[in-house]
Amino acid sequence: MIAFAWPAANIAPRHVPIGVAGSAEFVGQVTQKLDQVQPDAFDVTSYADPGQARSAIENREVYGAIVAGQPPTVLTAPAGSTAVAQILDTLGSQLGRAHGVAGPAPTSTQVVALPAGDPRGIGFSAGSLPMVLGALLTGVVATLIFSTIAQRLTTLTLAAVVAGLGAAAVLGPWLGILPGGFAITAGALALGIFAGGATIVGFSSLLGQPGIGVGAALLMVLGNPFSGVTSAPELLPTGWGELGQWLPPGALGSLLRSVSYFDGEGSGKPLAILAGWAVLGVGLAVIGAARRARVVDDHPNAHEQGVPARTILADASVRP
């Protein structure tokens, strides 16, 4: 309960990367005002013109920007984070009333908007939990039903592909939540589900049944609440948002945003993280299977001696 309630109750901007486009004087005024309003809330990058600021937003380098003009303009990307976009809109109004940025109230422009099928991003956020549960359940079912690593990984692969295709069809063409290409969306979903499921299979193979709990904790207790899918990693308590991006749920959320809304920009890191978890899970599964095989080889007459199979397997789970 704490893992879910604590981050949700402490949502606030913490070093959110934004841009300011204009003269050095304008950039200085805005930066000073930001420090006065909320110290350490924003990391400001200056740009010479609005075009550079727009490009930075589209490339997922910043969440938005404040552009000099009469009136100033606030550029946002709700597709990157509706929560940050709302914060920037409110911030623009505050700056418009500030002495350092006098004149007409700033206007707001969405550089990367959400699709018409999900204008508030609620569907994207709501879809994150089923994806995590799907990965978790796939790994658990494969572990409990099948006895060999080959069977478990084959089942996990097939389930991830089917689930990825199904989820892409529902969230894409049907509901219009993920407007990116069907194949790349399905691939991202399948990789995320496989990475999460492989985590369960890997730890359970290495540690036995307690490994299921370890994998579930990584996905649900840490991964889901700190994924930043419903807000943004920079809005979560310091350090925890970054941690969430290194776990499968957070990496999958970031990857889906990139391929669905930003033409793949910023997809490299989450793609590598998910691939890393997939490789780790498979590697742990292979190591666990090798340990079990070695213990069985060390007890060739175990059944004749009346040693239960579960005793042998328990020994395999703890032997180095």
Counting only residues that are under 19 Å from Gly69 (Cβ atoms) and in a strand (DSSP E or B), how many does the stretch 20-56 have?
6
The number of residues in the stretch 20-58 that are in contact (Cβ under 8 Å) with a residue 40 or more places away in the chain and surrounded by fewer than 16 Cβ atoms within 10 Å (Cβ to Cβ) is 3
I need the full set of residues from the stretch 220-242 which are out of contact with any Gly (no Cβ under 8 Å at 6 or more places or on another chain), of a type in the set (A, V, I, L, M, F, W, C) and within 22 Å of Gly197 (Cα to Cα), in order please.
Met220, Val221
Restrict the check to the stretch 11-19 and report whether at least one residue is touching a strand residue (DSSP E or B) at 6+ places or on another chain (Cβ under 6 Å), in a loop (DSSP other than H, G, I, E, B), in contact (Cβ under 8 Å) with a residue 24 or more places away in the chain and more than 30 Å from Leu255 (Cβ to Cβ).
no
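Please determine whether any residue of the stretch 136-145 is within 20 Å of the chain's Cα centre (by Cα) and surrounded by fewer than 22 Cβ atoms within 10 Å (Cβ to Cβ).
Scanning the stretch 136-145 turns up at least one residue that is within 20 Å of the chain's Cα centre (by Cα) and surrounded by fewer than 22 Cβ atoms within 10 Å (Cβ to Cβ).
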Show me the helices (runs of 4 or more DSSP H) found entirely inside the stretch 157-263 where at least 3 residues are outside the structural domain of Glu61 (by TED's automatic domain parsing) and over 11 Å from the mean Cα position of the chain (by Cα).
182-207, 210-216, 248-261
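The values are calculated or read from the model by the stated rules, or taken from the named source; none is laboratory data. Keep in mind the model is a prediction, meaning the values are calculated, not measured. Quick reminder, even Gly has a Cβ in these numbers, built from the backbone with ideal geometry, and neighbours come from all protein chains shown.
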